[in-house]
1. Give me the distance in nm between label points sitting 7 Å out from Cα along the Cα-to-Cβ direction at E185 and F47, one decimal.
2. In segment 1-147, if every C-alpha pair distance is counted and binned at 10 Å from zero, what percent goes to each bin?
3. Pull out a ≥ b ≥ c, the square roots of the eigenvalues of the alpha-carbon gyration tensor of segment 122-199, then state rounded if a/c is under 1.5, prolate if not and a/b is larger than b/c, and oblate in the remaining case.
4. Rounded to the nearest 500, what is the 222 nm mean residue ellipticity of the chain from helices alone, with -39500 (n - 2.57) per DSSP H run of 4+ residues and division by all residues?
5. Among the lysines, select those whose C-alpha is under 23 Å from the C-alpha of K109, and discard any that sit fewer than 8 residues away in the same chain.
6. Express in nm, to one decimal, how much length is gained between K7 and F39 on full extension, taking 0.36 nm for each residue of separation and deducting their alpha carbon distance.
7. With the dipole of the chain worked out from charges on the C-beta (+1 for Lys and Arg, -1 for Asp and Glu) around the Cα centre, which of S182, S37, V97 lies farthest toward the positive end?
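Read-outs: derived from the displayed coordinates by stated rules, not from any lab. All figures in this text were calculated on a predicted structure; none of them were measured in a lab. Here the Cβ is made from the backbone with ideal geometry for all residues, glycine too, and neighbour counts use every protein chain on show.
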Amino acid sequence: MIIYGTKPVHLKTVENRTVKCNNCEKQGNIAFSYFSSHFHVFWIPVFPYSRKGFSSCTNCGDELKPKHMPESMRRAYKETKRDTKLPFWQFSGVIIVVLLVAYFTYESKVESATYNEYITSPRSGDVYRYKLGYDEYTTLKIAEITEDSIYLIPNEYVTNLKSGVTEIDVDTNYGDFMYGYSRDEIERMFKDEEIYQVDRE
């Protein structure tokens, strides 16, 4: 279950000494209060979506929203609002997502570089995770390596899940026969993502 919602947060309250109260007409007792509402998921702030406020008189308690303020008060309210910054932490969710995307992008590049190295410099015992077709996955194990060719033993089992490949990659699932592929063909299979992962002990 995803828990989400919105929450207003008090940003600041600023006293104004020049504006006169529209109700009691006393000058110097007006305070402007500002709030920012943000959307949250599992109580983690994702992003702010509104910034509102009101005026209050410390003498008579009269409160006004911007649309009900007299012109002089509204002008002072807007000037102060421009200087009211949104707190950095209200963007926590966006920052977390950006960091996660950056992390997984980096990890993917490192992983891809590692697999590419394994493809160009193969070792006996390397296991290629191989996509046979739509929802069909298996493994191929390197048995022998020559200058021009790589000889692979196919796994006798197939799974319909990428995650299931780990379960079928056991020694008893490999037969005694093997197929020879040129190094260029292996590199092509990797480039075309037929071979999508290389496992090395």
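1. 5.0
2. Here the calculated profile for segment 1-147 is 10, 22, 16, 14, 11, 9, 8, 7, 3, 0.
3. Oblate.
4. Value at 222 nm, helices only: -8500 deg cm²/dmol.
5. K131, K162, K191
6. 10.9 nm
7. The listed residue farthest towards the positive side: S37.
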